[in-house]
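Peer 1: Just passing along the structure, written as structure tokens.
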There are 2 protein chains.
Amino acid sequence: PMVADQAFAGAKKARAGNASYYGARFHGRRTANGERFNMNAMTAAHKSLPFGTKVRVTNRRNGKSVVVRINDRGPYAHGRVIDLSKAAAARIGMVRSGTAPVKIDIL
Amino acid sequence: PMVADQAFAGAKKARAGNASYYGARFHGRRTANGERFNMNAMTAAHKSLPFGTKVRVTNRRNGKSVVVRINDRGPYAHGRVIDLSKAAAARIGMVRSGTAPVKIDIL
């Protein structure tokens, strides 16, 4: 059906915006889906994607990418589309800057 | 009076424990004292010290220290005594590690 197909197409589309990250301050605390946050795991917080969704996050400054699993809710800042674990942020080279423009592809 | 002197002496004593930091994820959000968190300012979150208190935080791994003003509440993790802004964490060389053993001197 038309509506469902469009929704599906929309869900698979790439999204763009800024990423930030979180680490030791939250290590061991519960995420929104009830896991314990592990700053060394490849996970991320997103406002609306279902928990368990895997997305590829690409740093548009350097082309580096990482695959993360959504297990938390956020971000809270304007223009922010995803909050990565510190390990995922390190993988795409954004620990020093703290934020980066990213592309998000839902896998 | 004895009791007051003891309390004062206690308040000025150094404290030791671990520090972590927070940055871009919270930049612009309200801290516990109602300011907007600025990850580039020399501030920190502490469980109980009055807002406005200035403390010197020394990284026991490298001897580097920074003076921060308490403007937020935390940390939440076991054994953690202070959460620094990212700029303060950078000043004492603990951004990569994420945590560091520190000494806290109340100024």
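Peer 1: Condition first: more than 10 Å from chain B (Cβ to nearest Cβ) and either under 18 Å from residue A:32 (Cβ atoms) or open to solvent by 50 Å² or more (accessible area, probe 1.4 Å) (or both). Now tell me which residues in the range A:79-103 satisfy that.
Peer 2: Once the filter is applied, which keeps residues that are more than 10 Å from chain B (Cβ to nearest Cβ) and either under 18 Å from residue A:32 (Cβ atoms) or open to solvent by 50 Å² or more (accessible area, probe 1.4 Å) (or both), the range A:79-103 yields A:81, A:82, A:85, A:88, A:91, A:103.
Peer 1: Let me ask something else about it. Kindly check whether there is at least one residue in the range B:61-77 that is at pLDDT below 95 and over 12 Å from the mean Cα position of the chain (by Cα).
Peer 2: Yes; the residues of the range B:61-77 include at least one that is at pLDDT below 95 and over 12 Å from the mean Cα position of the chain (by Cα).
Peer 1: Further question: Name every residue in the range A:52-68 that is out of contact with any Gly (no Cβ under 9 Å at 6 or more places or on another chain) and open to solvent by 60 Å² or more (accessible area, probe 1.4 Å), in order of residue number.
Peer 2: A:54, A:56, A:60
Peer 1: Here is a follow-up. In the range B:69-78, which residue that is open to solvent by 40 Å² or more (accessible area, probe 1.4 Å) and over 17 Å from residue B:38 (Cβ atoms) is nearest to the other protein chains (Cβ to nearest Cβ)?
Peer 2: Out of the qualifying residues, it is B:76.
Peer 1: Right, next: For the range A:10-51, enumerate the residues that are under 27 Å from residue B:81 (Cβ atoms), touching a helix residue (DSSP H, G or I) at 6+ places or on another chain (Cβ under 8 Å) and open to solvent by 50 Å² or more (accessible area, probe 1.4 Å).
Peer 2: Matches in the range A:10-51: A:40 only.
The values are calculated or read from the model by the stated rules, or taken from the named source; none is laboratory data. Everything quoted here is computed from the prediction, not taken from an experiment. Cβ atoms come from the backbone with ideal geometry, glycine included; neighbour counts cover every protein chain shown. The accessibility values were calculated without ligands, DNA or RNA, using every heavy atom of the protein model including side chains. Shrake-Rupley method; radii C 1.70, N 1.55, O 1.52, S 1.80 Å.
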